[in-house]
1. Expressed as a whole percentage, what fraction of the accessible surface of the chain belongs to carbon and sulfur atoms when a 1.4 Å probe is rolled over the protein heavy atoms?
2. Just report the Cα centroid separation between the range 84-127 and the range 50-70, whole Å.
3. Taking every pair of alpha-carbon atoms in the chain, give the share separated by more than 24 Å as a whole percent.
4. Given the options 116, 91, 26, state which has the largest fluctuation in a GNM of the chain using a 10 Å cut-off (strictly under) for Cα springs.
5. Spin-label point model (7 Å from Cα, Cβ direction): what's the residue 91 to residue 110 distance in nm?
6. Please name whichever of 19, 94, 36 sits farthest to the positive end of the charge dipole of the chain, dipole taken about the Cα centre and charges placed at Cβ: Lys and Arg +1, Asp and Glu -1.
7. For the range 4-107, report the accessible area per residue in Å² (1.4 Å probe, heavy atoms, rounded to an integer).
8. Hey, got the dipole for the chain? About the Cα centre, +1 on K and R Cβ, -1 on D and E Cβ, debye to the nearest 20?
Amino acid sequence: SLDLNGNIPQEGQKIQIWPQNSTTAQVWVVNQHEGGSYSIQSGNEGDSGCGFFYATKQDQGEPVVYTRLAWLWNIKHVSDDEYRLQTEDGQYALTVTSDEDDTVMIDNVQENLDRQRWKFDPPLPGN
């Protein structure tokens, strides 16, 4: 599951992959904006809660961290219940670094890369 490391809503805190544990560190709210893009916001409502995830610059290999700044994403349906979260320009996607590493980063879109496929629970409306 996509997880706010330590459930600490602090600027620059690592966003990672972690086994599902039903904590607010793994609650994310998907907000649709005009034009069809989305922001994805933390469900953590602490003093600095309700932030977003983003990379400090839009570039290949940039780690994804917690921030108060919202990035807009396009959510592309890629299979029955899987989606790819792409930057608005379609060049980069939210990516798990590897099967052995819990780091989440942005990387060049790769059409058949499983590490760029995400599921939503509950499923996105209309899908």
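1. Working: 3130 of 7050 Å².
Accessible surface attributable to carbon and sulfur in the chain totals 44 percent.
2. Cα centres, the range 84-127 to the range 50-70: 14 Å.
3. Tail fraction, whole percent: 19.
4. Judging by the Gaussian network model, the answer is 91.
5. 1.9
6. Looking along the dipole axis, the top candidate is 36.
7. 52
8. On the way: 8 positive and 20 negative charges, 44 e Å.
Value, rounded to 20: 220 debye.
The values are calculated or read from the model by the stated rules, or taken from the named source; none is laboratory data. As the structure is a prediction and not an experimental result, all values here were calculated from the model. Because the Cβ atoms are built from the backbone with ideal geometry, glycine has one as well, and the counts that use them run over all protein chains shown. Keep in mind that these areas ignore ligands, DNA and RNA; they rest on the heavy atoms of the full protein, side chains included. Shrake-Rupley method; radii C 1.70, N 1.55, O 1.52, S 1.80 Å.
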